[in-house]
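Asks: Here's a structure for you.
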Amino acid sequence: MPAKTPPGLVILTGAGISRESGLATFRDPDGAWAKHRIEDVATPEAFRRDPALVHAFYNARRAQLAEVAPNAAHLALAELERQWRGDFLLVTQNVDDLHNRAGSRNLVQMHGALRRARCLHCEAVHPWDAPLSTATPCPACAKAGGMRPDIVWFGEMPVEMGRIGMALETCGLFVSIGTSGNVYPAAGFVAEVADRAWTVELNLEPSLGHSRFEEARQGPATQLVPALVEELLSQWA
Ligand code: BV8
C-alpha cells in the first residue's frame, strides 16, 4: 500500500523566527521600531521626506546580517522542505537572508530583501551588501539619487502574491511562526485557509490572530519548530 501523499504545506514566518539569531523583531519592546515610528522609516512617503534616515535604518540592518547566522528553527524548516513529499512553500515576511542561508529553496520573501537594491530611475534590481545613500549610482543606468532598498513598504504591494495565493488554495497544512499578526495581507492568510487546512501557530506569546488557529503553541522558535518538523515528518514519512 503506497504511503499517502502528504497535504500541501504552507509555512508563514515573521521576525520572531530570527530573534534567536540576534535580529530584533519589530514590535517587541527592544524591537527595531522601538527607536523609529513605522511612518518615519517604512513607507514611500518617509523615503521621499527623509531618504538619509531611511537609508541609515536599512544600512544598519543590512550590515548586521554579516554578524548573524540561521538558527535551529531556520535549519529545521530547510530539512522539512527537503523531506516533504507533498507541495511545500515557505512564505516569509522577513527581509533578512536567514532562510536562504539555511538552505530553504521554495521560499517567497513577500516583503522583499535587505540584500537587494532597486533603482527608481530604471527599475533595475541588484544584489546589494554595501551601504546605500542618495549618492549611490545605479550599476545599470549610472544615475544617482534613485537607489532604494528592494523592500515592500507600507502601502506597497507585497511580491509574488499570485504564487502565495495558489499555494494557499491547495494547502492542507498551514503553520505560522514568529509573527504578531499585525501586518496584512500576511495576517489574513490563516482566515483564507481555515476551511480546508489544519492551522497551527508557533509563537513566543499568543499573536493577535491566535484564536483563528486550530492550535496555538507558545515557546521559542528554536524549540517549537524542530519539534513540529519531527512530528510532521514522522506522521507523513
Ligand atoms: C498592502 C518591510 C495593499 C519593511 C514590512 C488596516 C487593516 C488592514 C490592513 C491595513 C490597514 N491599514 C493599512 C493596512 C495595510 C498595511 C498593514 O497591514 N498595516 C498594519 C500595520 C495595520 N499593509 C501594507 O501596507 C502591505 N501592503 O496592504 O498593499 C496594496 C494593494 C494594492 C496596491 C498597493 C498596495 C505591505 C506590508 C509590508 C510592510 N513591510 N516589512 C521592513 O522590514 O523594514 S512589514 C514588517 O512587519 C516586517 O516585514 C515584519 O516581518 C512584519 C510583520 O511583523 P512581525 O514579523 O510579526 O514582527 P513583530 O515584531 O510584529 O512580531 C514578532 C513576533 O515574534 C511577536 O509576536 C513575538 O512574540 C514573536 N517572537 C519573539 N521572539 C520569538 C518569537 N516567536 C518565537 N520565538 C521567538 N524567540
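Please treat every number below as a calculation from the coordinates, not as lab data. Everything numeric here is computed off the predicted structure, so don't read it as measured data. Ideal geometry is used to build each Cβ from the backbone, glycine not excepted, and the neighbour counts take in all protein chains shown.
Asks: Listing V152, V10 from the residue with the fewest other Cβ atoms within 10 Å to the one with the most, what is the order? Please report the intermediate quantities before stating the final value.
Replies: Numbers: V152 18, V10 27.
Least crowded to most crowded, the residues run V152, V10.
Asks: If you restrict to DSSP beta bridges whose two residues both lie in the range 1-125, what percentage is antiparallel, to the nearest 5?
Replies: Given both bridge residues lie in the range 1-125, the antiparallel proportion sits at roughly 10 percent.
Asks: Just checking the chain: which Cys have no other cysteine's beta-carbon under 4.7 Å?
Replies: When partners are defined as cysteine Cβ atoms under 4.7 Å apart, the chain leaves C171 without one.
Asks: Compute the acute angle (0 to 90°) between the alpha-carbon long axis of helix 72-83 and the principal axis of greatest extent of the alpha-carbon atoms of the chain; round to the nearest 10°.
Replies: Approximately 60 degrees, to the nearest 10.
Asks: I want the antiparallel fraction of DSSP beta bridges within the chain, as a percent rounded to 5.
Replies: Counting DSSP beta bridges with both partners in the chain, the antiparallel share is about 25 percent.
Asks: Now for a different question. Which cross-chain or sequence-distant (5 or more) residues have an amide H under 5 Å from the amide H of A144, H modelled 1.01 Å from N in plane?
Replies: Counting only residues 5 or more places away or on other chains, the set is C138.
Asks: If you don't mind, there's one more thing I want to ask. Relative to the Cα centre, what is the charge dipole magnitude of the range 1-133, using +1 at the beta carbon of each Lys and Arg, -1 at the beta carbon of each Asp and Glu, and rounding to the nearest 20 debye?
Replies: 220 debye
Asks: Taking Cα atoms, how many degrees apart are the long axis of helix 161-170 and the longest axis of the chain, rounded to 10 and kept between 0 and 90?
Replies: 0 degrees
Asks: Eigenvalues of the Cα gyration tensor times 5, then square-rooted: what semi-axes does that give for the chain, in whole angstrom, largest first? Display every interim value, and only then the final one.
Replies: Details: eigenvalues 213, 68, 55 Å².
Working through the eigenvalues yields semi-axes of 33, 18, 17 Å.
Asks: Semi-axes of the equivalent ellipsoid for the range 132-237, please: Cα gyration tensor eigenvalues, times 5, square-rooted, ordered largest first, whole Å. All intermediate terms of the calculation are to be shown ahead of the outcome.
Replies: Working: eigenvalues 246, 54, 45 Å².
In descending order, the three semi-axes are 35, 16, 15 Å.
Asks: Still on this structure, I have one more. For the chain, what is the calculated [θ] at 222 nm in deg cm²/dmol (nearest 500), taking -39500 (n - 2.57) for each run of four or more DSSP H residues and dividing by its residue count?
Replies: -8500 deg cm²/dmol
Asks: Divide the volume of the convex hull of the Cα atoms of the range 46-173 by its number of residues and quote the answer in cubic angstrom per residue. Display every interim value, and only then the final one.
Replies: Details: hull volume 15.0 nm³, N = 128.
Spread over its residues, the Cα hull of the range 46-173 gives 117 Å³ apiece.
Asks: Also, I was wondering about something else. Below 8 Å between Cα atoms, with a sequence gap of 6+, how large is the relative contact order for the chain in percent? Walk me through the intermediate numbers first.
Replies: Details: 433 pairs, mean separation 56.6, N = 237.
Relative contact order comes out at 24 percent.
Asks: May I ask you to sort L208, L9 by Cβ crowding, counting other Cβ atoms within 10 Å and putting the fewest first? Mind showing how you got there, number by number?
Replies: Details: L208 12, L9 23.
In increasing order of surrounding Cβ atoms, one gets L208, L9.
Asks: Order of E20, E231 from fewest to most other C-beta atoms within 10 Å?
Replies: Details: E20 18, E231 11.
Starting with the residue having the fewest Cβ neighbours, the order is E231, E20.
Asks: For the range 101-184, take every pair of Cα atoms, bin their distances at 10 Å starting from 0, and report each bin as a whole percent.
Replies: Over the range 101-184, the share of Cα pairs per 10 Å bin runs 14, 38, 29, 15, 3 percent.
Asks: May I ask you to derive the relative contact order of the range 66-199, considering only C-alpha pairs under 8 Å and at least 6 residues apart, and to give it as an integer percent?
Replies: Working: 176 pairs, mean separation 23.8, N = 134.
Reported relative contact order: 18 percent.
Asks: I would also like to ask the following. Using packing as a proxy for protection, rank 81-93, 161-173 so that the peptide with the highest average count of other Cβ atoms within 10 Å comes first. Provide the component values of the computation, followed by the final result.
Replies: Values: 81-93: 19.5, 161-173: 16.5.
Sorting 81-93, 161-173 by mean packing, highest first, produces 81-93, 161-173.
Asks: Can you give me the orientation-averaged projected area of the convex hull built on the Cα atoms of the range 24-89, in nm²? Let's see the in-between values first.
Replies: Numbers: hull surface 25.9 nm².
Spelled out: convex hull of the Cα atoms, projected over all directions, averaged, 6.5 nm².
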